[in-house]
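Q: Please read through the structure below; I'll follow up with questions.
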Amino acid sequence: MTKIFYKIADIQAYLLQFSYKQVGFVPTMGALHAGHESLILASKKQNDLTICSIYVNPTQFNNPEDLKKYPRTLPEDIEKLEKIACDIIFIPSNEEMYPKNPSLTFNFGNLESVMEGKFRQGHFNGVATVVSKLFHIIKPNRTYFGQKDLQQTQIISLLIKDLSFGIELVCCPTLREKDGLAMSSRNLRLNPQHRNIAPRIYQAMLLAQELVFSQKDINFAKKQAIDFLSQEINFVLDYFEIVDCQTLGEINEQTEEIAICVAAFLGGVRLIDNLLIKR
Ligand code: PAF
């Protein structure tokens, strides 16, 4: 049976009995979809105990309107997690997570100065703060993140290494709707017209991928993909980048994997996606 905890002290007291077991942890902000479920199922395969947290973390939102509008579907989320037999759900309050404003800040260098970091000032500081707190509270053996948030996954990987958390990071593939749109909690906020055109993001990335393969010219591929997206006036592009998957910087001889990364607004809803190409 799924157990639900709201308090740090309660979940920690309960977890004491599992100190010799393998614990898998999936942090989320709720509005769960099949992508989240795939992370829970991956954790259940590899661990004795799977914990999912649901917490809309205010410190990672640079835009108060975005925080207010972030979809919240707690009863449905709990039902979904019970259905797939997630062992524990942790649902802390703001008072529990932030009894005072955090004083520490993180600096992830180039990893946080590009793409999401450039357009969402302070976002990764908030993510790293809350994820560090959750890691300390839960002390998992493994943690599961989705490839859709590629930059976040790279930042968490660095956080785990630099702070010696000793947690294995498992990056799970992006799940897509039939028409190619990456699954995301924010898709719930798209109106029907915008939902129809949203898959163009995936189509633009496929076009770029094809051109990277056939023309071997990154700038040309990028320009063609941007032109393709811009034909649909409803898209307001934040960035379309083709970068080294590890450094998120320029591609060079050492690049083993290329990442095509996009962020665009559609009717006020910000969507991100990426495709990886092995070299
Ligand atoms: O990816 C998310 O949903 C959030 O950034 C995370 C990792 C749960 C931290 O709030």
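Q: Counting alpha carbon pairs within less than 8 Å and at least 6 residues apart, what relative contact order, in whole percent, applies to the range 215-279? Don't jump to the answer; show the numbers that get you there.
A: Numbers: 97 pairs, mean separation 17.3, N = 65.
That works out to 27 percent.
Q: What is the chain's relative contact order, in percent, from Cα pairs under 8 angstrom and six or more apart in sequence? All intermediate terms of the calculation are to be shown ahead of the outcome.
A: Working: 463 pairs, mean separation 48.9, N = 279.
Computed over the chain, the figure is 18 percent.
Q: Specify the angular offset, from 0 to 90 degrees and rounded to the nearest 10, of the alpha carbon long axis of helix 74-83 from the longest principal axis of the alpha carbons in the chain.
A: Between the helix axis and the principal axis of the chain, the angle is about 80 degrees.
Q: What translational diffusion coefficient, in µm²/s and rounded to a whole number, does the Stokes-Einstein relation yield for the range 74-156 at 10 °C and a viscosity of 1.306 mPa s, taking the hydrodynamic radius as the Kirkwood radius over Cα pairs? Before the final figure, lay out the partial values.
A: Numbers: Rh = 14.9 Å.
Stokes-Einstein gives a translational diffusion coefficient of 107 µm²/s.
Q: A follow-up question, please. Can you list the HN-Hα couplings for the range 176-192, worked out from phi with the Karplus curve (6.51, -1.76, 1.60; θ = phi - 60°), rounded to whole Hz and with x for Gly and Pro?
A: Working through the residues one at a time gives 10, 5, 4, 8, x, 5, 5, 5, 7, 4, 5, 4, 4, 8, 7, 7, x Hz.
Q: Related question: With the chain treated as a Gaussian network of Cα nodes joined by springs under 10 Å, which of 167, 78, 233 yields the largest mean-square fluctuation?
A: 233
Q: Quick one: Debye curve from the alpha-carbon atoms of the chain only, equal weights, vacuum; give me log10 I(q)/I(0) at q = 0.07 Å⁻¹ to two decimals.
A: The Cα Debye sum returns log10 ratios of -0.26.
Q: Dipole of the chain (Lys/Arg Cβ +1, Asp/Glu Cβ -1, origin at the Cα centre): which of 154, 269, 115 lies farthest to the positive side?
A: It is 269.
Q: Tell me which lysines have Cα within less than 25 Å of residue 100's Cα, excluding those fewer than 8 residues away on the same chain?
A: 7, 68, 69, 133, 139
Q: Once a ≥ b ≥ c are taken as the square roots of the eigenvalues of the Cα gyration tensor of the range 123-279, is the result rounded (a/c under 1.5), prolate (a/b larger than b/c) or oblate (a/b not larger than b/c)?
A: Working: a/c = 2.32, a/b = 1.37, b/c = 1.69.
Oblate, since a/c reaches 1.5 and b/c is not below a/b.
Q: Peptides 63-73, 189-199, 127-137: what's the order by average Cβ count within 10 Å, highest mean first? Don't skip to the end; give the middle numbers.
A: Values: 63-73: 12.8, 189-199: 15.7, 127-137: 20.6.
Going from most to least packed, we get 127-137, 189-199, 63-73.
Q: Using Cα-only point scatterers and the Debye equation, what is log10 of I(q)/I(0) for the range 57-216 at each q in 0.09, 0.10, 0.19 Å⁻¹, rounded to two decimals?
A: -0.38, -0.47, -1.61
Q: Taking Cα atoms, how many degrees apart are the long axis of helix 123-138 and the longest axis of the chain, rounded to 10 and kept between 0 and 90?
A: 30
Q: Right, here's the next one. Hey, which aspartates and glutamates would be in cross-link range of residue 216, C-alpha to C-alpha under 17 Å, not counting anything within fewer than 8 residues on its own chain?
A: 241, 244, 250, 253, 256, 257
Q: Do you know the relative contact order of the range 158-279, to the nearest whole percent, from alpha carbon pairs under 8 angstrom that are 6+ apart?
A: Numbers: 162 pairs, mean separation 24.8, N = 122.
Answer for the range 158-279 is 20 percent.
Bear in mind these aren't lab numbers, they're just calculated from the coordinates by the rules spelled out. Every value quoted in this text rests on a predicted model; they were computed, and no experiment measured them. Every residue, glycine as well, gets a Cβ built from its backbone with ideal geometry; the counts of neighbours run over all protein chains shown.
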